[in-house]
1. Looking at region 3-82 only, what percent of DSSP beta bridges run antiparallel? Nearest 5 please.
2. Under the definition of Cα pairs under 8 Å and six or more residues apart, what whole-number percent is the relative contact order of the chain?
3. Can you give the angle from 0 to 90° between the axis of helix 48-66 and the longest principal axis of the chain, with both taken from C-alpha atoms, to the nearest 10?
4. Would you mind checking the radius of gyration and Dmax of region 3-82 based on alpha-carbon positions, in Å?
5. With runs of 4+ DSSP H residues as the only contributors, calculate the mean residue ellipticity of the chain at 222 nm using -39,500 (n - 2.57) per run, divided by the residue total and rounded to the nearest 500.
Amino acid sequence: MHALLGIDLGTTGVKAALFSAEDGQVLSSAFVDYPLMHPRPGWAEQDPATWWQATITAIRTCLVGAVRHNVQPSDVRGVGLSG
């Protein structure tokens with residue numbers, strides 16, 4: 001089965017979802033949050049290294065969850081990214 005991976009880097013976390021390329025069925029999904037720091041009033045900061053680690057964790061979680069559908073990492077045919 002071929003699959004497509006979607007990744008959305010949001011304000012509070014990263015979402016990843018793996019879909020069947022044939023019928024669009026959600027095969028697996030994951031959300032990993034990360035902190036939003038407020039060093040001063042009216043400021044908001046994030047550490048890009050945290051985004052990266054959260055993205056890796058979300059993707060790995062999706063891939064592990066997709067095993068129950070007999071989907072392997074090599075079955076991923078495309079990646080969409082939003083953020």
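1. 70 percent
2. About 39 percent, as a whole number.
3. Approximately 20 degrees, to the nearest 10.
4. According to the Cα coordinates of region 3-82, Rg and Dmax are 14.5, 49 Å.
5. -8000 deg cm²/dmol
A short reminder: the numbers here are calculations on the coordinates, not readings from a lab. Since the structure is predicted, the reported quantities are computational estimates derived from the model, not experimental observations.
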